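Visitor: Pasting a structure below so you can have a look.
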């Protein structure tokens, strides 16, 4: 005759944990204060009257951004002095980067619709994206792209002429985010209905000035426009998959989603 199952067997059958061994053991968690470390570094961002000092935990900064790990831990002058200068970057952008280093998140990007005021934003995405590009932070760049396009779609606002020209001019031709602005240009010219309101918001003279003064913008626009099939309306790039404008590969997991 089979013997009755033990109480331990009954617990295992019911899915209860067996606490006979290792009772009360916990997986050790690294203390947040230990990840910060005790050493601080000073990073001076901007130039002239706009120059600003940022006092940051070295260990956390270097763990989050390989660019600074190499700068402060490879025998360079900056590492010996625990100090660095970034004169070409904007303090506002670095302040947001610092927030991302400590919290892992970005402030919500917002666009305000104000007639005649250029639809102001709560911070410069151009400066932040340029800084992330300089520091080779592809996952952060992808997050910025998603936040900017999401805000643009939610507010029904396309990038302004100045933003289109600036981003096409500044970003390398291989940049996926640059292509977003190129396609916005094509959509404005070949996708939007030519109503009086549209023609007022997007005056022909301003586009003429942009094309005349910026050869890179002209070439990028013409190359993209000529790929548009005859008789087809250009697609709104805000409706496309965000990954179209991300840096990660097609077979790589999206760091944003």
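Visitor: Mind checking which residues of the range 41-77 are outside any helix (DSSP H, G or I) and within 19 Å of the chain's Cα centre (by Cα)?
Guide: First, pick out the residues of the range 41-77 that are outside any helix (DSSP H, G or I): 41-47, 51-57, 65, 74-76.
Residue satisfying the conditions is 65 alone.
Visitor: Then there's this: Quick one: which helices (runs of 4 or more DSSP H) lie wholly within the range 150-257 and hold at least 1 residues that are under 28 Å from residue 132 (Cα atoms) and within 18 Å of the chain's Cα centre (by Cα)? Break it down into steps so the answer makes sense when it comes.
Guide: Numbers: elements: 161-170, 176-190, 196-201, 204-213, 215-226.
Here the list reads 161-170, 176-190.
Visitor: From the list 89, 142, 147, exactly one residue is modelled with pLDDT of 95 or more, assigned to a loop (DSSP other than H, G, I, E, B) and buried (at least 19 other Cβ atoms within 10 Å of the Cβ). Which is it?
Guide: Only one candidate passes the filter, namely 89.
Visitor: Next question. Starting from the range 120-137, keep only residues that are without any contact (Cβ under 8 Å) to a residue 40 or more places away in the chain and at negative phi, then list their pairs with residues that are in a loop (DSSP other than H, G, I, E, B) and crowded, with 18+ Cβ neighbours inside 10 Å whose Cβ atoms are within a distance under 6 Å, requiring at least 6 positions of separation or different chains.
Guide: 127/90
Visitor: Now, a different point. Report, ordered by the first and then the second residue, all pairs with beta carbons closer than 6 Å, sequence separation of six or more or different chains, a first member in the range 175-202 that is at negative phi and touching a residue at least 60 places away in the same chain (Cβ under 8 Å), and a second member that is assigned to a helix (DSSP H, G or I) and crowded, with 18+ Cβ neighbours inside 10 Å.
Guide: 176/245; 177/145; 177/245; 180/237; 180/245
For every residue, the table says whether it meets (1) surrounded by 15 or more Cβ atoms within 10 Å (Cβ to Cβ); (2) on the phi > 0 side of the Ramachandran plot; (3) assigned to a helix (DSSP H, G or I).
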{"site": "79", "(1), (2), (3)": "yes, no, yes"}
{"site": "93", "(1), (2), (3)": "yes, no, yes"}
{"site": "97", "(1), (2), (3)": "yes, no, yes"}
{"site": "101", "(1), (2), (3)": "yes, no, yes"}
{"site": "106", "(1), (2), (3)": "yes, no, no"}
{"site": "113", "(1), (2), (3)": "no, no, no"}
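Visitor: Considering only the range 115-131, how many residues are within 14 Å of the chain's Cα centre (by Cα), within 22 Å of residue 238 (Cα to Cα) and not in a loop (DSSP other than H, G, I, E, B)? Lay out the reasoning, then the answer.
Guide: Quick first cut of the range 115-131, residues within 14 Å of the chain's Cα centre (by Cα) only: 123-131.
Checking the rest, the ones that are also within 22 Å of residue 238 (Cα to Cα) come to 123-130.
Narrowing further to those that are not in a loop (DSSP other than H, G, I, E, B): 125-130.
Qualifying residue count for the region: 6.
The values are calculated or read from the model by the stated rules, or taken from the named source; none is laboratory data. These figures come from a predicted structure and were not determined experimentally. When we count neighbours, we look across all protein chains shown, and the Cβ atoms used for this are built from the backbone with ideal geometry, even at glycine.
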